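**Student:** Below are the C-alpha cells for one structure; questions will follow.
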Amino acid sequence: MRQVILIVVAMALASCMQVSDLTAQAEYHLRDVGLLNHSETKRSNNVRLQADSFIYISQDQFIPLGYPPAYSNVVAQETFNAFIEYFPRLSRAPEPLSYEQALQAARQAGAHYLLYMRFAQGNDRTGNWEEYKARPETGARLGVDRGAIHLMLVELGNGYLVDTVNIRNRGGFLTFHNNKPEDLIRPPLRQYARRLLGLSL
C-alpha cells in the first residue's frame, strides 16, 4: 500500500511540473552523481553589477598545481568568452600579469572592475584511446578531469574587494572523452556572469 501511495504522489508532483523543469532537475541529478560535468561555486558576497559595467579580465602568472601544460592565459580567455554575452564592456589582458600590473592595466583602460583569476589546480586524466596508447604506464589515470579556479572581483575606484570566488570543476563519466581540465572552465564562469546580473541560472 505504501508503494502505491508513493507512486501516486510522485505522479502528482510530476504532473505539476513543466517539461523544462523536469529536464533541468534530471540534468542537475546527473551532474550531482558524476555522470555529467559538475562544478561547485562558492562566493564570499552576493553582489550584483550593472550591465554596463566595464570589467577588465586578467589572469595570474601562477602555473596550476598538477597541470603545468595548461595554456598560460586560458582562464582569462574562457572568462572573456563566458562574460561577453552578458557584459558588452569587457577588456582582457593579452598575457598573464601580476596583481599590481593587472590593477594598473585595468585603471589605464578606464575599467570599473578588475576580475583577477588564478588557475589553481588541474588534474588531466586519460580521456581517449590515443592518449592511453601514448602513455600506457598511466592506464590507472583513466577517468574524469578536475580543476580549481580562484577569482577576485575588485572595484577600481576605491580598491575594494567586492567578491571572491572559488570554483571546483569535475568532469562526468559520460562526458570525459577527449576532455581537458580547461574544457570545464567556461560553464561555471557563464553562471557566475549571470549571477552578477541577478539572472536565474
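The values are calculated or read from the model by the stated rules, or taken from the named source; none is laboratory data. In this text, all values refer to a predicted model and were calculated from it rather than measured experimentally. Ideal geometry is used to build each Cβ from the backbone, glycine not excepted, and the neighbour counts take in all protein chains shown. The area values use the complete protein model at the heavy-atom level, side chains included, leaving out ligands, DNA and RNA. Shrake-Rupley method; radii C 1.70, N 1.55, O 1.52, S 1.80 Å.
**Student:** I'd like to verify a number: residues in segment 44-80 that are of a type in the set (A, V, I, L, M) and open to solvent by 60 Å² or more (accessible area, probe 1.4 Å), how many?
**Tutor:** Residues of segment 44-80 of a type in the set (A, V, I, L, M): 47, 49, 51, 55, 57, 63, 65, 70, 74-76.
Narrowing the set further to residues that are open to solvent by 60 Å² or more (accessible area, probe 1.4 Å) leaves 63, 65.
Residues flagged as of a type in the set (A, V, I, L, M) and open to solvent by 60 Å² or more (accessible area, probe 1.4 Å) within segment 44-80 amount to 2.
**Student:** For residues that are touching a Lys or Arg at 6+ places or on another chain (Cβ under 8 Å) and surrounded by fewer than 20 Cβ atoms within 10 Å (Cβ to Cβ), tally how many sit in segment 81-116.
**Tutor:** So the count comes out to 3.
**Student:** For ARG194, state whether it is basic (Lys, Arg), surrounded by fewer than 18 Cβ atoms within 10 Å (Cβ to Cβ), touching a Leu at 6+ places or on another chain (Cβ under 8 Å) and at pLDDT 90 or above. Give the steps one after another, and end with the answer.
**Tutor:** Details: basic (Lys, Arg): yes; surrounded by fewer than 18 Cβ atoms within 10 Å (Cβ to Cβ): yes; touching a Leu at 6+ places or on another chain (Cβ under 8 Å): yes; at pLDDT 90 or above: yes.
Yes, satisfied.
**Student:** Shifting gears a bit: Which of the residues spanning segment 64-90 are out of contact with any Gly (no Cβ under 8 Å at 6 or more places or on another chain) and small (Gly, Ala, Ser)? Reasoning before the result, please.
**Tutor:** Initial filter on segment 64-90 (out of contact with any Gly (no Cβ under 8 Å at 6 or more places or on another chain)): 68-69, 71-90.
SER72, ALA76, ALA82 - these are the residues of segment 64-90 that are out of contact with any Gly (no Cβ under 8 Å at 6 or more places or on another chain) and small (Gly, Ala, Ser).
**Student:** Restricting to segment 64-99, count the residues that are in contact (Cβ under 8 Å) with a residue 40 or more places away in the chain, of a type in the set (A, V, I, L, M, F, W, C) and within 15 Å of TYR116 (Cα to Cα).
**Tutor:** The first filter runs over segment 64-99 and keeps only residues in contact (Cβ under 8 Å) with a residue 40 or more places away in the chain, leaving 64-67, 69-71, 74-76, 78-79, 81-83, 85-87.
If we keep only those that are of a type in the set (A, V, I, L, M, F, W, C) too, we end up with 65, 70, 74-76, 82-83, 87.
Keeping just the survivors that are within 15 Å of TYR116 (Cα to Cα) gives 74-76, 82-83.
Going through segment 64-99 one residue at a time, the tally reaches 5.
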